[in-house]
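K.L.:
Here you go, one structure.
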Amino acid sequence: MKNKFYIKNKLTPIINVSGFMTKIGASITRNYNIKAAKEILPNFVNLDELQTLASKKISKMLKTEAAVITASAAAGLTESIAAAMTGNDLKKIYDLPNTKNLKNKVLIQSGHLTNYGAEVSQGITLSGAKILKCGSKFSCSNSQVVEKIKKNKKDIACAMYVVSHHCSHYDSLPIIDFIKICKKNNIPVIVDAASEEYMENFFKFGADITIFSAHKFMGSLTAGIIAGKKQLIKNIYLQNLGIGRGMKVGKEGIYAAIVAMEHWYKRDLKKDLLNQEKILNYWVNYLNKKNYKGINYQIIPDPTGNKINRLRIIINKNKSGFTPQSLAHYLERNNPSIFVRDDLIHLNHFELDTCNLKKNEHIIVIKTIDKIINKLKNNIFNRKINMSEYKKIAINNWLNWLD
Ligand SMILES: *Cc1c(COP(=O)(O)O)cnc(C)c1O
């Protein structure tokens, strides 16, 4: 990959088959979003007006009352919870994270307290709120939610529902049922759907507000998009006078998010799906010819209903002679560095996602996989990586940064 940017800055070139991961820059920022940022950056704007524009345009597309742009989905999560606790009372807003005299509990299913790079629970408690877990470690039922509400009703500020592949192993109460119970009890529901393509659906389910990431599917600048009930959206905007200040979104993030949404709803879905299918077929044909021992593969649909199929590579280390963690690790160490989707790698498989591939990179990906497999089989690498080492390496990358 002869990309001047990497050479000039001595940075490692990356091919992303992991999906939309913050750690490597989320997505390929699309040209129309870059253009939007360029257009607004040299100019002053009244942010109230700009956010009004965002609200008007985005709520029309999503068929909701209002919308607001935040620094990120994670920031939006904290600010939404804050808004549910403070309402439009400025004194309460200035006083956060002190929630002593407020309804401050956030109802959430245990399995939704997941980690998207940081903990959902910390995103909630950062506002000063307290977490009210319902359900058991593996599942949550209707009656468990009802019971929890009954016992804590006077303290509940809002409920939260997380839609994410990170919760797909958890037997959640379906979103429609969860929202229905909350509605019956007048509890506003905040949906975190940061990584979902079909944004408009959540309002059909009755969500009061839903949170999305602008820098994931839509390839915009880093920002969060929150849409839903006007009063809550207004109260989220007010958090900019308090705890939201450190989570400020710039004018360029706001304007690019508007443009990104407009393009998103005009995209050529057919073409995108065809491209995805072509790449997956290419990979499958390639692997079919190689017929490696101990390696299986499967096309897996996205667990939360995005129109994405991925190639899952499943490794039986007793037959292949190496672990899936070793393969993923050495792919990442390669130049260009290849990042695979590894959130389920403890189950001995990882996935390849086509969403962020540039022209012909899919060929480099599969040829590099072949190269690394052969090196692993021939014991060219001196380190064998198991799951606990794989995790340790990831954490040490953080701890040893700049060392
Ligand atoms: C990515 C993600 C987030 C964080 O989104 P950012 O916009 O990067 O802060 C939060 N929740 C879920 C479910 C996500 O997938």
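The values are calculated or read from the model by the stated rules, or taken from the named source; none is laboratory data. The shown structure was predicted, so the numbers you read here are calculated from the model rather than taken from an experiment. For neighbour counting, all protein chains shown are included, and Cβ atoms are generated from backbone atoms with ideal geometry for every residue, glycine included. Only protein heavy atoms, including side chains, enter the accessible area calculation; ligands, DNA and RNA are left aside. Shrake-Rupley method; radii C 1.70, N 1.55, O 1.52, S 1.80 Å.
K.L.:
Tell me which residues, restricted to region 121-145, are open to solvent by 40 Å² or more (accessible area, probe 1.4 Å) and among the hydrophobic types (A, V, I, L, M, F, W, C).
P.N.:
Leu126, Ile131, Phe138
K.L.:
Give the residues of region 1-56 that are surrounded by 19 or more Cβ atoms within 10 Å (Cβ to Cβ), polar (S, T, N, Q) and under 18 Å from His362 (Cα atoms), sorted by residue number.
P.N.:
Result: Asn16, Ser18, Ser27.
K.L.:
Can I ask one more? Among the residues of region 238-248, are any of a type in the set (S, T, N, Q) and more than 16 Å from the ligand (Cβ to nearest atom)?
P.N.:
Within region 238-248 (the criterion being of a type in the set (S, T, N, Q) and more than 16 Å from the ligand (Cβ to nearest atom)), the answer is yes, since at least one residue qualifies.
K.L.:
Would a scan of region 314-325 turn up a residue that is open to solvent by 80 Å² or more (accessible area, probe 1.4 Å) and either within 23 Å of Ala26 (Cα to Cα) or touching a residue at least 60 places away in the same chain (Cβ under 8 Å) (or both)?
P.N.:
No - not one qualifying residue is present in region 314-325.
K.L.:
Scan region 178-186 and tell me whether some residue there is open to solvent by 10 Å² or more (accessible area, probe 1.4 Å) and within 16 Å of the ligand (Cβ to nearest atom).
P.N.:
Within region 178-186, not a single residue is open to solvent by 10 Å² or more (accessible area, probe 1.4 Å) and within 16 Å of the ligand (Cβ to nearest atom).
K.L.:
Return only the number of the condition from (1) modelled with pLDDT of 95 or more; (2) more than 13 Å from the ligand (Cβ to nearest atom) that Ala73 does not satisfy.
P.N.:
Only one criterion is unmet by Ala73, namely (2).
K.L.:
Among the residues of region 199-221, count how many are buried (at least 21 other Cβ atoms within 10 Å of the Cβ), under 19 Å from Met160 (Cβ atoms) and either away from the ligand (no atom under 13 Å from the Cβ) or of a type in the set (A, V, I, L, M) (or both).
P.N.:
Residues that pass the stated criteria total 5.
K.L.:
Taking the condition without any contact (Cβ under 8 Å) to a residue 24 or more places away in the chain and of a type outside the set (Gly, Ala, Ser), does Pro13 pass?
P.N.:
Judged against the criteria, Pro13 is not a match.
K.L.:
Going by the conditions given, is Gly224 of a type outside the set (Val, Ile, Thr), surrounded by fewer than 18 Cβ atoms within 10 Å (Cβ to Cβ), within 30 Å of Leu53 (Cβ to Cβ) and within 16 Å of the ligand (Cβ to nearest atom)?
P.N.:
No: the conditions fail for Gly224.
K.L.:
Let me ask you something else. Ile395 is checked against (1) free of Cβ contacts under 8 Å to residues at least 24 places away in the same chain; (2) of a type in the set (A, V, I, L, M); (3) surrounded by 16 or more Cβ atoms within 10 Å (Cβ to Cβ) and fails just one. What number does that condition carry?
P.N.:
The number of the failed condition is (3).
K.L.:
What is the one condition in (1) of a type outside the set (S, T, N, Q); (2) within 15 Å of the ligand (Cβ to nearest atom); (3) more than 26 Å from the chain's Cα centre (by Cα) that Val45 does not satisfy?
P.N.:
Among (1) of a type outside the set (S, T, N, Q); (2) within 15 Å of the ligand (Cβ to nearest atom); (3) more than 26 Å from the chain's Cα centre (by Cα), Val45 violates only (2).
K.L.:
Right, something else. Would you be able to say whether some residue in region 374-388 is assigned to a helix (DSSP H, G or I), open to solvent by 30 Å² or more (accessible area, probe 1.4 Å) and among the hydrophobic types (A, V, I, L, M, F, W, C)?
P.N.:
yes
K.L.:
For the structure I just gave you, tell me whether Val163 is within 30 Å of Leu102 (Cα to Cα), open to solvent by less than 10 Å² (accessible area, probe 1.4 Å), within 14 Å of the ligand (Cβ to nearest atom) and modelled with pLDDT of 95 or more.
P.N.:
no
K.L.:
Something else now. When only residues in region 187-197 that are away from the ligand (no atom under 14 Å from the Cβ) and within 24 Å of Ser72 (Cα to Cα) count, which is surrounded by the fewest Cβ atoms within 10 Å (Cβ to Cβ)?
P.N.:
Here the residue is Pro188.
K.L.:
Touching a residue at least 12 places away in the same chain (Cβ under 8 Å), open to solvent by 60 Å² or more (accessible area, probe 1.4 Å) and either outside any strand (DSSP E or B) or over 26 Å from Phe339 (Cα atoms) (or both): which single residue out of Tyr292, Tyr297, Tyr286, Tyr282 fits that description?
P.N.:
Every option except Tyr282 fails the conditions.
K.L.:
Further, regarding this structure: Identify all residues within region 112-123 that are closer than 20 Å to Asp342 by Cβ and either away from the ligand (no atom under 12 Å from the Cβ) or touching a residue at least 60 places away in the same chain (Cβ under 8 Å) (or both); write none if there are none.
P.N.:
Selection gives Tyr116, Gly117, Val120.
K.L.:
Another one. Would you please list the contacts, defined by Cβ atoms under 9 Å and residues six or more apart or on different chains, that run from a residue in region 221-247 that is more than 14 Å from Ala84 (Cβ to Cβ) and free of Cβ contacts under 8 Å to residues at least 40 places away in the same chain to a residue that is part of a helix (DSSP H, G or I) and away from the ligand (no atom under 14 Å from the Cβ)?
P.N.:
From residues that are more than 14 Å from Ala84 (Cβ to Cβ) and free of Cβ contacts under 8 Å to residues at least 40 places away in the same chain, the pairs are Asn240/Leu47; Arg245/Gln239.
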